[in-house]
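Every read-out reported here was derived from the displayed coordinates using simple, explicitly stated rules and does not represent laboratory data. Everything numeric in this text was worked out from a predicted model, so none of it was measured. We place every Cβ from the backbone using ideal geometry, glycine too, and count neighbours over all the protein chains shown.
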Ligand SMILES: [Zn+2]
C-alpha cells in the first residue's frame, strides 16, 4: 500500500467508526446529555401531547414546525416528537421555553406523539407499541435528569382531548 492508499483506508475506518457511533447514539440514547443543560430553566412538568392527526396523515417535525410558525410561534412548540415507528425527534431546544401548554410553558418539557385521531377523525389513543416504548424511555430519561418533575397530559391543563389517553393511568417512574 502506498501512502495515499493508507490514507484512504484510515479515513474509511474513521468514517465507519463515526457512523457506528452515531447509529448507536440514535438507537440507544434518546437524550443528548449536553442538550440537557438548560441555562437555569427549571423543569417541573413533563407534558404529553398528540399531533391530532389521523393515521393516514403525514406528520413530521418539519410539518409541525410549519404549522406552529403559521400560528405565530417562532418555531415548533414541542421539544420532542415521537413518530409512529418509535423514533424520537428533537423540536425546539430544551433550553428554550416551549409553546405547547398555555400558562405552563416556562417550567415544562413538551412531548408530542404523532397521532391522536382515528381514521374517522375521532380522538383516540393511536400510539403504536413502538411509540409507547419510546415515550416511556424518553420520559424516564427526563425524570432521571429532572427528578422533581411530574408527568401530565395536556388535557389536565386545558379543555381538550389531547393527548387522547389517560397519562395518570400509566406508570412513569
Ligand atoms: Zn396538546
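The table for this structure:
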read-out	value
Fully extended contour minus Cα-Cα distance, from residue 141 to residue 8, at 0.36 nm per residue	43.9 nm
At R0 = 22 Å, FRET efficiency that the Cβ-Cβ distance of residue 18 and residue 62 yields, to 0.05	0.30
Global geometry of the stretch 79-120, whether rounded, prolate or oblate, following the gyration tensor of its Cα atoms and the 1.5 cut on a/c	oblate
The chain pair-distance distribution - Cα-Cα, 5 Å bins, rounded %	1, 8, 15, 20, 19, 13, 7, 4, 4, 3, 2, 2, 1, 0, 0
On Cα atoms only, tilt of 61-70 relative to the major axis of the chain in degrees	50 degrees
Protection-proxy order for peptides 164-172, 136-144, each taking the mean of Cβ atoms within 10 Å per residue, highest first	136-144, 164-172
Value of [θ]222 nm, deg cm²/dmol, for the chain, DSSP H segments ≥ 4, -39500 (n - 2.57) each, nearest 500	-10500 deg cm²/dmol
At R0 = 41 Å, FRET efficiency that the Cβ-Cβ distance of residue 122 and residue 44 yields, to 0.05	0.80
Radius of gyration and Dmax over the Cα atoms of the stretch 49-92, both given in Å	10.2, 29
Net length gained if the chain between residue 97 and residue 160 were fully extended (0.36 nm per residue, minus Cα distance)	20.5 nm
Overall form of the stretch 119-173 per C-alpha gyration tensor (a/c, 1.5; a/b vs b/c)	oblate
Rounded tilt (10° steps) of 129-145 against the dominant C-alpha axis of the chain	90 degrees
Angle between the chain longest axis and helix 3-28 axis [Cα atoms, degrees, rounded to 10]	20 degrees
Prolate/oblate/rounded call for the stretch 37-123, Cα gyration tensor, a/c under 1.5 rounded	prolate
Computed lengthening from residue 71 to residue 106, 0.36 nm per intervening residue step minus Cα-Cα distance	10.7 nm
